[in-house]
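Each remark here refers to the structure printed beneath this line.
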Amino acid sequence: MTGRVEGKVALVTGGASGIGRSCAERLAAEGATVVVTDVQDDKGADTVGQITQAGGRADYHRHDVTDEAAWENVLGAVRRAHGRLDILVNNAGIGIGGSVLEMSLTDWRRQTAVNLDGVFLGVKHGVPLMRASGDGGSIINMSSVAGLKGAPTLAGYCATKGGVRLFTKAVAMECANARDGIRVNSVHPGIIETPIWLSIVDPVNPGANAPPDLDAMAALGVPMGVKGYPADIANGVLWLASDESLYVTGAELVIDGGLSVR
Ligand code: NAP
C-alpha cells in the first residue's frame, strides 16, 4: 500500500517545532518528500534527522517567512532539488499576548509580519511553482480558533488569524477561477500543547503575567474537557494535503475539541 501523499513534495514553514514539526513528520510518514523550514536551525535539523531515521525523505532550510527574498531562495531550492511543489503548509506563527492598550506598534507589526505577511508571501511565491508543477496542489494556512472568535489579551493575534481565514478564502476563489487545481484551506486549532504558549499571558488570569495552565484552561473552556496535541492538527493537515480532500477549497477545518462551538 502506498502512502496517502506518496510522491508529493511538501513545504512546511515553522516545521521545526510543535504543530509544524508534527505535520512534517506525518506527511513524510505518508510518503511525501518534506522541506522543513524554520528559524530554529537546531530543532529543524533534529526534525529532519527524526524523519530520515524513520525512513522518510526531508531536508531543512533556514527561512524567515517575513523575508520575501528568503521565500524566493527556498522555493528556488525546492524547484532545483525536487522539480515541483504539491503541498504548502503556511504554519509559522508567533503569539504576543497582553492588553491591546499595552501592545507596542513594534510588537503588533512583528506579529502581523510573521502570521499574516508570511502567509501572503507563501501564497504569492508558492502558487507559481505549484502551477508550473501542473498537477494542482494544496495550500494549508494555519489560522486558529482565535481567527473565528475574539479572545481577551489576544487582540493582535486574533487580527492576524482572522486575516489568514479570509485571505485563504479569497485565494481559494482566485485559484478556482484560474482552474489551476490548487485548493486553499485554513486550519483552526484550539488549545494545543506546544511551546507557543510559553510566550502568551494567561487570558484567564492576566494579572499573574505567566503562561496559562493548558489543562486548567481546557477543563474550563473546551467542551471535551482536554487540550489537544500537535498530532491532532497534523492528522487534519494530512487529509487536506491528500487527494482525499480533492473537492474541498476555501474551507475552515476546526480542530478544537468543540472550543469554538460553546
Ligand atoms: P511553535 O511550537 O512555537 O512553532 C512555531 C515555529 O515557527 C517555531 O519554531 C518558531 O520559532 C517558528 N517561527 C517563528 N517566527 C518565524 C519566522 N519569522 N519564520 C519562520 N519560522 C518562524 O508553535 P505552534 O503552536 O506549533 O504554532 C504553529 C502554528 O499554529 C502557528 O501559526 C500558531 O499561531 C498556530 N496555532 C497554535 C495553537 C496552539 O494552541 N499551539 C492554536 C492555534 C493556532 P520561534 O520559536 O523562534 O518563534
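The values are calculated or read from the model by the stated rules, or taken from the named source; none is laboratory data. Computed from a predicted model, the values in this text were never measured in an experiment. No Cβ is skipped: glycine too gets one built from the backbone with ideal geometry, and neighbour counts run over all protein chains shown.
Of these, L238, L154, which one is surrounded by 14 or more Cβ atoms within 10 Å (Cβ to Cβ), among the hydrophobic types (A, V, I, L, M, F, W, C) and within 30 Å of V127 (Cα to Cα)? So that I can check it myself, show each step before the final result.
On the way: L154 fails: within 30 Å of V127 (Cα to Cα).
When all the criteria are applied, what remains is L238.
Starting from residues that are surrounded by fewer than 24 Cβ atoms within 10 Å (Cβ to Cβ) and either hydroxyl-bearing (S, T, Y) or within 13 Å of the ligand (Cβ to nearest atom) (or both), keep the ones in region 2-24 and report whichever is nearest to H188 (Cα to Cα). Can you show your working first?
Filtering region 2-24 for residues surrounded by fewer than 24 Cβ atoms within 10 Å (Cβ to Cβ) gives 2-4, 6-7, 17-18.
Now restrict to residues that are either hydroxyl-bearing (S, T, Y) or within 13 Å of the ligand (Cβ to nearest atom) (or both): 2, 17-18.
Details: T2: 28, S17: 17, G18: 15 Å.
The residue in question is G18.
For residues that are crowded, with 19+ Cβ neighbours inside 10 Å and in a helix (DSSP H, G or I), tally how many sit in region 222-231. Outline the logic, then answer.
Keep residues of region 222-231 that are crowded, with 19+ Cβ neighbours inside 10 Å, which gives 222, 227-228, 230.
Filter again for in a helix (DSSP H, G or I), leaving 230.
Residues in region 222-231 being crowded, with 19+ Cβ neighbours inside 10 Å and in a helix (DSSP H, G or I): 1 in total.
Show the residue pairs meeting these rules: Cβ distance below 6 Å; 6+ apart or different chains; first residue within region 161-179 and over 10 Å from G250 (Cβ atoms) and surrounded by fewer than 21 Cβ atoms within 10 Å (Cβ to Cβ); second residue at pLDDT 95 or above and not small (G, A, S).
Matching pairs, first to second residue: G163/L116.
Looking only at region 180-201, filter to residues that are assigned to a strand (DSSP E or B) and either more than 6 Å from the ligand (Cβ to nearest atom) or of a type in the set (F, W, Y) (or both); which one of those is surrounded by the fewest Cβ atoms within 10 Å (Cβ to Cβ)? Working first, answer last.
We begin by selecting, within region 180-201, every residue assigned to a strand (DSSP E or B); these are 182-189, 192.
Going one step further and asking which of them are either more than 6 Å from the ligand (Cβ to nearest atom) or of a type in the set (F, W, Y) (or both), we end up with 182-188.
Details: I182: 25, R183: 22, V184: 28, N185: 24, S186: 28, V187: 27, H188: 24.
Restricting to residues being assigned to a strand (DSSP E or B) and either more than 6 Å from the ligand (Cβ to nearest atom) or of a type in the set (F, W, Y) (or both), the top hit is R183.
Report the residue count in region 112-140 for those that are among the small types (G, A, S), more than 14 Å from the ligand (Cβ to nearest atom) and within 18 Å of the chain's Cα centre (by Cα).
In the first step, residues of region 112-140 are kept if they are among the small types (G, A, S); the result is 113, 118, 122, 126, 132-134, 136-138.
Applying the additional criterion that residues be more than 14 Å from the ligand (Cβ to nearest atom) yields 126, 132-134, 136-138.
Narrowing the set further to residues that are within 18 Å of the chain's Cα centre (by Cα) leaves 126, 137-138.
Number satisfying all stated conditions: 3.
Please work out which residue is surrounded by the fewest Cβ atoms within 10 Å (Cβ to Cβ), limiting yourself to region 205-219 and to residues that are among the aliphatic types (A, V, I, L, M) and within 15 Å of the ligand (Cβ to nearest atom).
Step one: filter region 205-219 for residues among the aliphatic types (A, V, I, L, M), giving 208, 210, 214, 216-219.
After this cut, where a residue has to be within 15 Å of the ligand (Cβ to nearest atom) as well, the list is 214, 216-218.
Working: L214: 18, A216: 13, M217: 19, A218: 23.
Out of the qualifying residues, it is A216.
Filter region 8-37 for residues that are at positive phi, in contact with a Gly (Cβ under 9 Å, 6 or more places away or on another chain) and in contact (Cβ under 8 Å) with a residue 40 or more places away in the chain and give the result.
At the first step, the residues of region 8-37 found to be at positive phi are 14, 18, 31.
Adding the requirement that they be in contact with a Gly (Cβ under 9 Å, 6 or more places away or on another chain) leaves 14, 31.
Listed by number, the list holds a single entry, G14.
Out of all the residues in region 141-155, which are hydrophobic (A, V, I, L, M, F, W, C), more than 7 Å from the ligand (Cβ to nearest atom) and under 14 Å from I191 (Cβ atoms)?
First, the residues of region 141-155 that are hydrophobic (A, V, I, L, M, F, W, C): 142, 145-146, 148, 151, 154-155.
Subset that is more than 7 Å from the ligand (Cβ to nearest atom): 148, 151, 154-155.
Result: L148, A151, L154.
I'd like to check something: does region 131-143 contain any residue that is surrounded by fewer than 18 Cβ atoms within 10 Å (Cβ to Cβ), of a type outside the set (D, E) and on the phi > 0 side of the Ramachandran plot? Don't jump to the end; show me each part of the working.
The first filter runs over region 131-143 and keeps only residues surrounded by fewer than 18 Cβ atoms within 10 Å (Cβ to Cβ), leaving 131-132, 134-136.
Within this subset, residues satisfying the condition of being of a type outside the set (D, E) are 131-132, 134, 136.
Okay, now just the ones that are also on the phi > 0 side of the Ramachandran plot, so 134, 136.
Yes: region 131-143 contains one or more residues that are surrounded by fewer than 18 Cβ atoms within 10 Å (Cβ to Cβ), of a type outside the set (D, E) and on the phi > 0 side of the Ramachandran plot.
Spot the failing condition for H82; the list is (1) in contact (Cβ under 8 Å) with a residue 12 or more places away in the chain; (2) over 19 Å from the mean Cα position of the chain (by Cα); (3) surrounded by fewer than 18 Cβ atoms within 10 Å (Cβ to Cβ), and only one is missed.
(3)
Specify the residue that is nearest to H125 (Cα to Cα); the eligible residues are those in region 52-105 that are of a type in the set (S, T, N, Q) and more than 14 Å from the ligand (Cβ to nearest atom).
Filtering region 52-105 down to residues of a type in the set (S, T, N, Q) leaves 52-53, 66, 73, 90-91, 99, 104.
From the residues that got through so far, the ones that are more than 14 Å from the ligand (Cβ to nearest atom) too are 52-53, 99, 104.
On the way: T52: 27, Q53: 31, S99: 34, S104: 30 Å.
That would be T52.
Out of everything in region 34-44 that is buried (at least 16 other Cβ atoms within 10 Å of the Cβ) and either among the hydrophobic types (A, V, I, L, M, F, W, C) or more than 17 Å from N91 (Cα to Cα) (or both), what residue ends up being farthest from the ligand (Cβ to nearest atom)?
Going residue by residue through region 34-44, those that are buried (at least 16 other Cβ atoms within 10 Å of the Cβ) are 34-40, 43-44.
Retained after the next criterion (residues that are either among the hydrophobic types (A, V, I, L, M, F, W, C) or more than 17 Å from N91 (Cα to Cα) (or both)): 34-36, 39.
Working: V34: 15, V35: 13, V36: 10, V39: 5 Å.
Here the residue is V34.
Of the numbered conditions (1) in a helix (DSSP H, G or I); (2) more than 19 Å from the chain's Cα centre (by Cα); (3) of a type in the set (F, W, Y), W239 fails exactly one; give the number of that condition.
Against the list (1) in a helix (DSSP H, G or I); (2) more than 19 Å from the chain's Cα centre (by Cα); (3) of a type in the set (F, W, Y), W239 comes up short only on (2).
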